[in-house]
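This report refers to the structure that appears directly beneath it.
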DNA sequence: TCACGCATTTACACCTTTTTTACACTCACC
DNA sequence: GGTGAGTGTAAAAAAGGTGTAAATGCGTGA
């Protein structure tokens, strides 16, 4: 059975949409705020997230970006705001579809079906907790532990680790990592990467001098190997 | 590069959309009828199909159903007809998104990007792995193994191997290989090839002195024989 | 204000890869 | 049998990338 997470503050709409989705045979979870929505997304692991942009406690673009750092779950955005600019921003942030209020139930359900059809229930990408060796990383809570002992990572270290983990097995070029972690302007400071990868190895690898999980691809970049 | 197939009968709109998509770095193929569209979809294998429902020679629902019998390529439907019923029918037939004319270029492109983004990550799950003998090469992850043991290749070695594998069975001239791997300026250093082909044989062939997969074509170049 | 943590910079030793250089081998041809 | 073009190995020298440690700068909260 598919689970849909509904992030919406208006009780009336929640009730309305919930009934429609349940009629489709979906299980429905609800969240009233974006913060709560992110938590639910992590714990419930829904097959689809339906997000209202008009929530008081946060920006939809930010929500999607943070979600996308660890999950590929399809996101259907619903909003009363419907300027072209809004749509483009949130779609490019990683949302999959955008529906303008007021919408018809039929179309909503058809779009939900289309998204669910495509969605793969591949938990690998949607698991907020990544494990390797005796290390555990909780991407949403920003908690890292090694051998049951908490490990403190700085903001940059954590961001770098997140990007590497989100692309497990793949080689990420220096350029790509720098753009993701430091932003476009620093795409030529390869030194940064060496230093921060060294930090991560020091904190997470059993034998930092012979890394197993954080591998170097000389001349290319780095790779997280689970 | 992504290829988009545009199935649309109005010349003006084709020109308009083509320019927008090309501005995104997409290659664009065009079809004026649904029949032609299906043919092109089969031969071109685009990463995305943009379909106008208002074509004279057929029904969009039928088009999508027939397409879906053999292809999972994302379909973005565009139409002047915009009754809820139309949308639901074509979405349930297998289309992925529905945009009502007139639409803004910005939103169109954002939705195209969203669809391409998802199909790309879908494809990455099924990584193409080339096998020969007891050797496995994962081109996208840059991983090579022989008899289940990981084999380390340098950047140049991997690049050379990639080019050879991408043209399996065909002879590649010295000139061609040098231009692909080292760039145009080094197209006369045949020595390099001998050295690096030797490295690859040493690492991948069962009997490096009598190569089976990496063959020499004397006076011409090299060939990868699967 | 001060101490502290973190991002950034600097410095240096080390290692891998690339390029260069040298030499042995094959095989047709004279 | 010599010759020479094309090829395969094995080493060097050169170039460039990498890992570590420590110093600097900068903002924050005590």
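What the table shows:
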| quantity | calculated |
| --- | --- |
| Filter result (buried (at least 20 other Cβ atoms within 10 Å of the Cβ) and either without any contact (Cβ under 8 Å) to a residue 24 or more places away in the chain or not assigned by TED's automatic domain parsing to the domain that holds residue B:33 (or both)) within segment B:43-87 | B:87 |
| Residues that are under 18 Å from residue B:36 (Cα atoms), in a helix (DSSP H, G or I) and touching a residue at least 12 places away in the same chain (Cβ under 8 Å), drawn from segment B:1-25 | B:13, B:14, B:18 |
| Scan of segment B:209-219 for residues that are within 15 Å of DNA strand C (Cβ to nearest atom) and assigned to a loop (DSSP other than H, G, I, E, B), ordered by number | B:209, B:210, B:211, B:218, B:219 |
| All helices (runs of 4 or more DSSP H) inside segment B:100-187 with 1 or more residues being without any contact (Cβ under 8 Å) to a residue 40 or more places away in the chain and within 11 Å of chain A (Cβ to nearest Cβ) | B:105-125, B:155-166 |
| Candidate set from segment B:88-97 (those that are surrounded by 18 or more Cβ atoms within 10 Å (Cβ to Cβ) and more than 8 Å from every other protein chain (Cβ to nearest Cβ)); member that is farthest from residue A:83 (Cα to Cα) | B:93 |
| Counted residues, segment B:190-204 - those being without any contact (Cβ under 8 Å) to a residue 40 or more places away in the chain and either farther than 20 Å from residue B:136 by Cβ or within 30 Å of the chain's Cα centre (by Cα) (or both) | 9 |
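The values are calculated or read from the model by the stated rules, or taken from the named source; none is laboratory data. Being a predicted model, the structure only gives us computed values, none of them experimental. Note: ideal-geometry Cβ built from the backbone for every residue, glycine included; neighbour counts use all protein chains shown.
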